[in-house]
Each structure stands twice: as C-alpha cells, then as structure tokens.
Amino acid sequence: MENQVLNFDIELGPGTTISDDAIEIDLPETPFPLFSAIEGELVELEPYDGMEFESEEAAKAFYNSYARRIGFSTRVSSSRRSRKDGAIIQRSFVCAKEGFRNLNEKRTKDREIKRPRMITRVGCKAILSVKIQDSGKWVVIGFCKEHNHELVPPDQVHCLRSHRQISGPAKTLIDTLQAAGLGPRRIMSALIKEYGGISKVGFTEVDCRNYMRNNKQRSMEGDFQLLIEYLKQMEMKSSEFYFAVQGDGDHHCSTSTGNVFWADGRARMNYNYFGDTVTFDTTFRSNRYRLPFAPFTGVNHHGQPVLFGCAFLINESESSLVWLFNTWLDAMSGKHPLSITTDYDATIRSAIMQVFPDTRHRFCKWHMFKKCQEKLSHVLLEAPGFEGDFHKCVNLPESVDEFECCWLSVLDRYNLRDNEWIQSIYSARRQWVPVYLRDAFFAEMSITQRSDSMNSYFDGYVNASTNLSQFFKLYEKALESRNEKEVKADFETMSSPPVLKTPSPMEKQASGLYTTKIFMRFQEELVGTLTFTATKADDDGEVLTYQVAKYGDDRKVFRVRFNVLEMIATCSCQMFEFSGLLCRHVLAVFRVTNILTLPSLYILKRWTKTAKSSVILDNPHGSTVTSYLESHTVRYNSLRHAAFKFVDEGASSSETYDVAMAALQEAAEKVAQALKNVQRSSLANGLIKDSTRERGLRDKVSHANDVSLSEQVSEDFMDQKIRELSKELESASRKCEVYRANLLSVLKDIEDHKQQLAVKVHNVKISLKDSI
C-alpha cells in the first residue's frame with residue numbers, strides 16, 4: 001500500500017485546544033494567509049471538483065473565505081502523507097461542527113470538569129478535500145456544501161473562530177495604543193471606529209486581550225533578564241544591597257522567572273528608623289500602569305514617603321506573596337512592623353496573616369473608594385449624592401455605633417442592602433473603616449487624610465507608558481529626587497526655627513524637638529486648645545475624666561482620662577495612638593491641670609530632628625529642668641487633687657468646715673516640722689563629715705559617736721552651717737549647669753556640622769552628575 005492515512009483533529013483558525021464558545025483563546029503569531037492572495041476572479045466562486053490551487057495554503061484560504069461568505073467556521077480534519085518521504089499529499093477541510101465530541105476520552109473521562117462547555121459539533125457533513133498533483137498543484141477531489149445546522153448571519157460571522165484574525169495593520173495599531181496605556185476595551189472602541197463597525201474589525205475583544213497579554217509576556221521575559229543584570233551590578237557596587245529571586249536557592253540565579261525583590265542600603269537603614277508602619281503598594285499592577293511593580297514604603301520624620309524595598313510580581317499566587325514577605329522581612333533583619341497598609345485583595349490578606357500575624361493590617365481606604373466607583377457605577381449614575389453620603393458615613397463617625405447606624409441608613413436610602421459588593425466590604429470593615437483603626441499606629445496626621453506613602457513615592461516617574469526597560473533610569477531618578485527632598489527638609493528644619501504663636505513652655509519645648517512639618521502640626525493642635533474647654537466629669541481617686549468640647553458647641557464631646565500620678569492621658573479620638581502626636585483635647589486637659597511641658601512618654605523619636613541620629617540631643621531647656629518640672633508638677637498635681645477633694649467635702653457644712661480648718665492647721669505645723677527635720681538631717685550628715693576631717697578621725701569611728709556629736713551642735717551653729725552648705729550647693733549647681741550647657745553646645749555643633757556636610761556632599765554629587 002503506497003499511501004498511509006493519518007487522521008488528526010486541528011483547528012483551521014487560531015487556537016488548537018478549546019471550542020468555539022470559549023472565552024479565552026491563544027492566537028498564533030502568524031495566522032494563515034487571507035484569501036485576498038488568490039486571484040480576484042475566484043472571490044465569488046463556489047468550490048467544485050477539479051478546481052486547482054497553487055498551494056495547500058491557497059486552498060485553505062479560499063475555503064475559509066468561502067465559509068465567511070456563507071456563514072460557518074472551518075478547520076482541518078485529516079490528511080494523508082506519502083510513505084516515501086512523509087510529505088502531505090492530501091488535506092480535508094471541514095465545517096467546525098463536523099463530527100461529534102468524544103465524551104469518553106481518557107483525559108476527560110475520570111476528571112471533574114469545573115467549567116463545562118457547550119457541545120458545538122453536530123455531525124455536519126460539509127467538507128472540501130484537496131490532493132497534490134504531479135505538477136505540484138492542488139486539486140479539489142471532493143466537495144460537500146450541505147450543512148445540518150443554521151448558518152451565521154454576516155453581522156455575526158466575525159465571531160467565528162476561523163475568521164477571528166488580527167491583521168498586520170490592526171496589530172500595529174494595538175501595539176501603539178497599548179504602549180500609550182490603553183486597555184483592551186478602549187483599544188477595541190478605537191478599532192471599531194477606525195474600521196467602521198465590529199464586523200469589519202475581524203476579531204473580538206477577547207482576541208485583542210490575548211494578543212496584548214502575549215505581547216506583554218514576551219516583552220517581560222526579555223526585560224526580566226535586564227532586571228537581573230541591573231541588580232547584580234548594584235550588588236557589586238554596594239555590600240549593603242540585597243536582592244533575591246524566587247524559585248532558586250541561589251538568589252543570584254538569572255534563569256528564574258519568579259518574583260524579584262531588592263533593597264539598597266539606604267532603604268534598609270530607613271526601615272530601622274521608620275519601620276513602625278509600612279505600605280505595600282500594588283497600584284502599578286492595574287491596567288493604568290500594567291507594570292508588575294510593588295514598592296514597600298513608609299513615612300519619615302518629615303512626613304515624606306520613604307522607600308523600604310521593591311518587588312516585581314511576576315507570579316501573584318499566595319505562596320509567591322508569602323515568599324516575598326518573608327524575603328523582605330529577612331532583608332529588614334526580621335523586624336516586624338506595627339502596621340501594614342495594602343490594596344483590598346484576598347490573596348494579599350491571606351499571605352500577610354501567615355507572615356505578619358501580629359501586625360495590624362489595613363486596606364487602603366482610598367482604593368476602597370475607587371473600587372466602589374467601579375462596582376457601584378450604576379448607583380452613582382442614578383443618584384449622584386451617593387458618593388458624598390458614602391464618604392461621610394465612612395470618615396465622620398466618632399464611634400462604632402455611630403458608624404453602624406450611619407451605614408444602615410445609607411444602604412436603606414439607596415436600596416443597597418442586597419448588593420454583594422457592599423456586603424463584602426462591610427464584612428472587611430475592621431480593616432479599612434477609620435473608626436475601627438484608631439487604636440493602631442499608621443503615622444498619619446489625621447484619621448481622614450490620605451496616606452502619602454500609598455502610591456506617591458514614584459508619582460511623576462512611573463506612569464502608564466513606562467515599561468521595564470525604561471524603569472531603571474526612572475527608578476534612580478525617583479530615589480535621587482526623594483533623597484534631595486529629605487536633605488532639603490533637614491536643612492530647613494536646622495536653619496529656620498519655626499515661629500511661635502503662644503508663650504507656652506510646651507510650644508517652645510516642641511519647637512526644639514520636632515521637625516518643622518511635625519511641629520507645625522503639633523502647633524495647630526496646641527493653638528486649637530484655646531477654643532476648647534475641659535470640664536471634670538469624674539474622679540475615681542486615681543484617674544480624672546474630663547469632657548472636652550469646643551466653646552459654645554456641646555454636641556461633639558471628647559472624653560479624656562488622665563492619670564495624674566503616672567502622667568498618662570488617653571482621649572476618645574485616639575489621635576496619639578493613630579499618629580503619634582497629642583490631640584488638642586489632651587492638650588486642653590494639660591492646660592487646666594498645669595502640665596507645662598510634654599511628658600517624655602508623648603514624644604516619639606521618629607518625629608524628632610534626631611530621628612536618624614545615633615546622638616540623642618537634649619531639649620535646649622535641658623532634661624534636668626524638664627525632669628524637675630515633671631516631678632514637681634506630679635507632686636503639685638497630686639496634692640492639688642487631694643486638696644480639692646478635701647475642700648469640697650470640708651465646705652459641705654459648718655461642722656465639717658471647722659474640722660477641716662483644724663486639720664489644715666495641724667497639717668501645716670507637721671509639714672513645717674518635717675521640712676525643718678529634713679534640713680537638720682542634711683546638716684547633721686555634713687557636720688559629721690566636716691568634724692571627722694577636722695579631728696583626723698579614722699574609718700572606725702562608730703555611728704553612736706556621730707550621733708552624739710550631732711546632738712552637741714547648737715542651733716545657731718546649725719543655721720550658719722545650713723547657709724554655708726546652701727551656698728556651696730548653689731555654686732556647684734551653677735557649675736554643673738555651665739558644664740552641661742557646654743557639653744550640649746558641643747554635641748549640637750557636631751550634629752549641625754554633620755548635617756551641613758551631608759548637604760555639601762549631596763550638592764557635590766549633583767554637580768558631578770551635571771558636569772558628566
């Protein structure tokens with residue numbers, strides 16, 4: 001037998017594995033040639049026996065063009081090969097609905113089908129068979145035109161698989177629009193307008209999406225190698241540079257195509273200073289940017305975004321994210337942040353729960369608002385007031401009960417109780433609604449502000465048209481610009497003292513501690529206390545409770561609990577817990593209780609001028625003075641607190657008044673006697689030492705002799721000695737203050753000189769780059 005028949009089933013059009021009705025298909029890079037290559041006089045012909053073609057491809061194109069006019073899709077059914085050289089000598093092209101689906105195939109028989117597809121093969125007999133002749137031409141040896149199903153009308157024929165082809169000009173236009181940042185939907189709209197209708201475009205949005213995806217994948221594979229080479233060069237320049245590639249134990253491996261993480265020395269150092277709160281920004285994965293780039297950022301002591309490392313998310317599975325977070329944690333010496341902010345994503349949430357179980361996880365509120373605009377666009381069209389009401393409902397409530405009531409009110413007003421999206425974000429409310437997050441630190445100046453670190457570090461550098469090959473230069477420019485802004489803020493803080501608005505010692509103290517921006521925010525709260533009143537509402541003996549409200553407006557009242565002995569104050573607004581700065585409500589209570597300076601508990605180093613310095617400079621007013629004020633204030637407030645309570649009870653009747661006055665007189669006499677005993681005790685100890693030195697007594701002088709000696713001293717002599725010792729103590733104190741002031745001045749000069757050198761070095765670097 002000369003020829004052997006080999007039967008196999010392949011599609012004529014794009015794709016080889018899924019049926020006509022599938023949503024996602026893979027288009028070949030080079031589709032078969034269109035029938036336009038065939039002579040014009042054959043365009044309207046119907047196939048017939050004996051019809052000749054120059055090649056197999058010409059026959060295939062002719063039959064597919066014929067099928068397009070008639071309204072059906074084609075595919076290759078079978079072929080025959082020569083036993084001599086294996087060359088194909090016969091082809092059969094059939095209707096795509098030819099034959100029947102084999103439901104007993106091994107690959108599907110014992111496997112659960114998650115997404116069953118419609119049966120499209122109905123046993124259609126339409127076929128065109130061609131065979132090669134000795135002359136080299138292909139001739140039709142069999143043709144059947146009858147179909148056992150309805151044909152597709154002309155306005156729908158472009159949806160058939162074998163006719164969904166992206167032409168060369170269409171590819172060029174898609175490439176151009178994709179580079180400009182347009183998504184598949186907008187590109188299809190442009191193509192429909194350009195070609196004059198969807199039927200004339202020749203393919204669907206799914207085909208466009210797949211073409212763009214394949215383009216991006218091919219481009220990314222090439223750019224990935226460039227990224228690895230860039231990171232290797234950076235590692236050679238600095239021993240502090242860290243990078244890792246998922247999928248291989250050797251992080252220097254360049255053959256992996258998994259996730260990539262890197263962090264330079266500055267990023268790792270910044271994390272030591274400001275790593276209490278972190279943002280994992282995945283905005284750049286969206287269609288707007290189309291870049292698998294995700295930076296880890298935070299907030300520095302000027303309130304500016306600061307970088308903690310970067311990642312390229314080639315693989316976004318949960319296991320890959322777990323690897324990424326563990327790798328980042330390893331680069332940051334295993335130090336867990338207090339809080340982390342991310343986009344609303346179930347996979348990210350699951351990975352964070354595994355790697356950061358004790359870290360407070362928050363979804364970015366502004367990303368939630370943006371997604372609500374997409375998911376509830378129909379509501380916004382029908383009711384423009386919904387967006388404003390929704391924002392107020394999320395941002396304004398001061399308590400959980402107030403939020404819950406407002407939420408139900410908004411849902412009822414706009415009939416959204418059964419909306420699945422609303423239900424899903426409500427179930428996650430504890431991770432994005434501000435009222436549930438006030439007890440955690442996020443380094444934000446207010447509950448309702450937008451986090452500056454979220455999607456802002458690379459603003460103005462990475463945009464919709466940025467690809468991976470352009471990214472490196474833009475990345476370095478962004479780093480240089482951010483570093484320059486921090487140096488500038490350091491210089492302004494160092495060289496330009498802020499203007500004080502009150503005579504408060506606390507304001508002066510804060511101006512010497514905080515950076516300019518943070519001080520201005522604190523100053524705003526301090527000045528705000530002038531319009532607030534603090535009224536004592538409760539006193540349980542240890543903790544005072546004050547109701548703080550704006551003067552003339554008692555509708556919005558804040559509760560401040562103040563432990564006088566421990567100098568600890570908490571407010572219902574929880575601003576300090578959230579931002580690290582005291583609110584005006586606590587400051588108002590400090591004002592009425594004579595707290596003149598900020599207790600050290602409420603001064604976070606991360607907001608101070610010395611946040612990044614290993615030398616901790618004291619406040620210009622001195623830690624000794626501050627400690628004295630704090631200790632004296634504690635004693636004063638404790639006595640004042642007890643005295644007020646005593647006065648209230650003593651003044652209740654004439655009998656209690658007489659008893660109270662007698663007790664006060666007795667207490668005054670005892671305090672005077674105690675003060676005199678303290679002075680005498682100090683004098684006695686001093687005289688013992690003086691007498692011992694004068695008489696040359698040795699170390700074995702007994703305690704009994706010391707006591708007897710002190711008893712022999714006359715009161716006049718003791719008073720004289722008290723005055724002498726007081727003068728010596730005063731002189732010694734003045735010397736200590738001078739020495740301390742000199743030491744602080746030297747340390748301050750060293751720190752100032754260090755910052756000036758940093759500015760000069762940075763300017764020299766910029767000058768060298770400009771000259772190059």
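The values are calculated or read from the model by the stated rules, or taken from the named source; none is laboratory data. Predicted model only: the values in this text are computed from it and were never measured. So basically every Cβ, Gly included, is an ideal-geometry build from the backbone, and we count neighbours across all protein chains shown.
A count restricted to the range 270-311 and to residues that are within 15 Å of the chain's Cα centre (by Cα), aromatic (Phe, Trp, Tyr) and modelled with pLDDT of 85 or more stands at 5.
Among the residues that make up the range 572-585, is at least one of them in the same structural domain as Ser613 (by TED's automatic domain parsing), surrounded by 15 or more Cβ atoms within 10 Å (Cβ to Cβ) and of a type in the set (Asp, Glu)? Yes, the conditions are met somewhere in the range 572-585. Looking across Glu507, Glu566, Glu476, one residue alone is touching a residue at least 12 places away in the same chain (Cβ under 8 Å) and charged (D, E, K, R). It is Glu507.
Taken over the range 432-451, the criterion of being modelled with pLDDT under 90 and either of a type in the set (S, T, N, Q) or crowded, with 18+ Cβ neighbours inside 10 Å (or both) is satisfied by Glu444, Met445, Ser446, Ile447, Thr448, Gln449, Ser451. Looking at Glu150, is it without any contact (Cβ under 8 Å) to a residue 12 or more places away in the chain and either assigned to a loop (DSSP other than H, G, I, E, B) or β-branched (Val, Ile, Thr) (or both)? It is true that Glu150 is without any contact (Cβ under 8 Å) to a residue 12 or more places away in the chain and either assigned to a loop (DSSP other than H, G, I, E, B) or β-branched (Val, Ile, Thr) (or both).
Of the strands (runs of 3 or more DSSP E) lying entirely inside the range 524-566, those containing at least 3 residues that are basic (Lys, Arg) are 553-563.
I need a count of the residues in the range 558-569 that are crowded, with 16+ Cβ neighbours inside 10 Å and out of contact with any Cys (no Cβ under 6 Å at 6 or more places or on another chain).
5
Residues in the range 567-604 that are in a loop (DSSP other than H, G, I, E, B) and in contact with a His (Cβ under 7 Å, 6 or more places away or on another chain): Cys573 only.
Of all residues in the range 321-346, those that are out of contact with any Lys or Arg (no Cβ under 9 Å at 6 or more places or on another chain) and either hydrophobic (A, V, I, L, M, F, W, C) or surrounded by fewer than 18 Cβ atoms within 10 Å (Cβ to Cβ) (or both) total 13. In the set (1) surrounded by fewer than 13 Cβ atoms within 10 Å (Cβ to Cβ); (2) more than 30 Å from Ala549 (Cβ to Cβ), Tyr426 fails one condition alone, (1). Taken together, Lys335, Lys370 contain a single residue that is without any contact (Cβ under 8 Å) to a residue 24 or more places away in the chain and of a type outside the set (Val, Ile, Thr), which is Lys370. Looking at Ser614, Ser623, just one residue is more than 35 Å from the chain's Cα centre (by Cα) and at pLDDT below 95, and that residue is Ser623. For the range 495-522, a residue qualifies if it is under 21 Å from Lys612 (Cβ atoms) and outside the structural domain of Ser613 (by TED's automatic domain parsing), and the qualifying residues are Ser495, Ser496, Pro497, Pro498.
Among the listed residues Ile127, Ile141, which satisfies the condition of being closer than 18 Å to Leu160 by Cα and at pLDDT 85 or above? Answer to the selection: Ile127.
Scanning the range 377-401 for residues that are over 26 Å from the mean Cα position of the chain (by Cα) and within 17 Å of Gln431 (Cα to Cα) yields a total of 1. For the range 480-524, the set of residues classified as hydrophobic (A, V, I, L, M, F, W, C), in contact with a strand residue (DSSP E or B) (Cβ under 9 Å, 6 or more places away or on another chain) and crowded, with 18+ Cβ neighbours inside 10 Å consists of Leu513, Ile518, Phe522, listed by residue number.
Within the span defined as the range 321-331, every residue fails to be more than 23 Å from Leu416 (Cα to Cα), among the polar types (S, T, N, Q) and within 15 Å of the chain's Cα centre (by Cα).
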